[in-house]
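The values are calculated or read from the model by the stated rules, or taken from the named source; none is laboratory data. A quick note: this is a predicted structure, and the numbers were derived from the prediction, not measured. Ideal geometry is used to build each Cβ from the backbone, glycine not excepted, and the neighbour counts take in all protein chains shown.
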Ligand code: PRP
Ligand code: URA
């Protein structure tokens, strides 16, 4: 079974309260999603491999730890995943960015794919799939399946807010993928929205409602 990590940091708690608030407008919402994503990137990258290299300070030569191992990729699930990319890139600027376009059909709640563009060496990268919302889990599970079909092997999923139903669905479909979430909410409502959640992440990010 995959590892589930719920981030547990006062700054994340505080910013998530502001993100959830229905009176937070698109500009502040975008900035807060970026800030929380940057804080999450710190935790999600905690187990990256390092190696010692020789560097020279103005005083002397010394050995120092730097990142080693495979290269990284961030893959947002469009649209709302886009809101998490810049925050993560602030900490890991050398990561490549792929895009997967999925929307959830409002009737069936099933994801529909409309776009996929990935770094050509995706199979060799450690991949962070990002999406603010993990509701039924259908979109995240399909994005992970698509990435595996393209050769991806080392995947983790990073979401701001999750529902227990979505966590279970993704863990059963992809037991090899570790999941990082900023919050685990109570449930889904009859329309498949997370309760209490934050509403429609894409609409709030881009002001489309
Ligand atoms: C939202 C969200 C996830 C998906 C979660 O996207 O950003 O991708 O719903 O729901 P699920 O876990 O039940 O699949 P949406 O389909 O609304 O598209 P958008 O990002 O373009 O608004
Ligand atoms: N997608 C969203 O944007 N919000 C939810 O609560 C569920 C799916």
Q. Picking from 172, 186, which residue would you name as being away from ligand 1 (no atom under 12 Å from the Cβ) and out of contact with any strand residue (DSSP E or B) (no Cβ under 9 Å at 6 or more places or on another chain)?
A. 172
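Quick one: in the range 119-143, of everything that is more than 16 Å from ligand 1 (Cβ to nearest atom) and touching a strand residue (DSSP E or B) at 6+ places or on another chain (Cβ under 7 Å), which residue is nearest to residue 160 (Cα to Cα)? Please lay out each step first, then the result.
Residues of the range 119-143 more than 16 Å from ligand 1 (Cβ to nearest atom): 119-127.
Now narrow it down to the ones that are touching a strand residue (DSSP E or B) at 6+ places or on another chain (Cβ under 7 Å): 119, 122, 125-127.
Values: 119: 24, 122: 24, 125: 23, 126: 20, 127: 17 Å.
Once the filter is applied, the top-ranked residue is 127.
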Q: Specify which of the listed residues (182, 151, 197) is outside any helix (DSSP H, G or I), in contact with a helix residue (DSSP H, G or I) (Cβ under 6 Å, 6 or more places away or on another chain), at pLDDT 95 or above and on the phi > 0 side of the Ramachandran plot.
A: 151
Q) Could you count how many residues in the range 65-85 are out of contact with any strand residue (DSSP E or B) (no Cβ under 7 Å at 6 or more places or on another chain), within 16 Å of ligand 2 (Cβ to nearest atom) and outside any helix (DSSP H, G or I)? A) 1
Q | All positions within the range 139-148 that are crowded, with 21+ Cβ neighbours inside 10 Å and either without any contact (Cβ under 8 Å) to a residue 60 or more places away in the chain or more than 16 Å from ligand 2 (Cβ to nearest atom) (or both) | A | 141, 144, 147
Q) Counting only residues that are assigned to a loop (DSSP other than H, G, I, E, B), farther than 19 Å from residue 67 by Cβ and at pLDDT 95 or above, which one in the range 105-136 is nearest to ligand 2 (Cβ to nearest atom)? A) 135
Q | Subset of the range 12-29 (residues that are within 10 Å of residue 204 (Cα to Cα) and not in a helix (DSSP H, G or I)) | A | 22, 24, 25
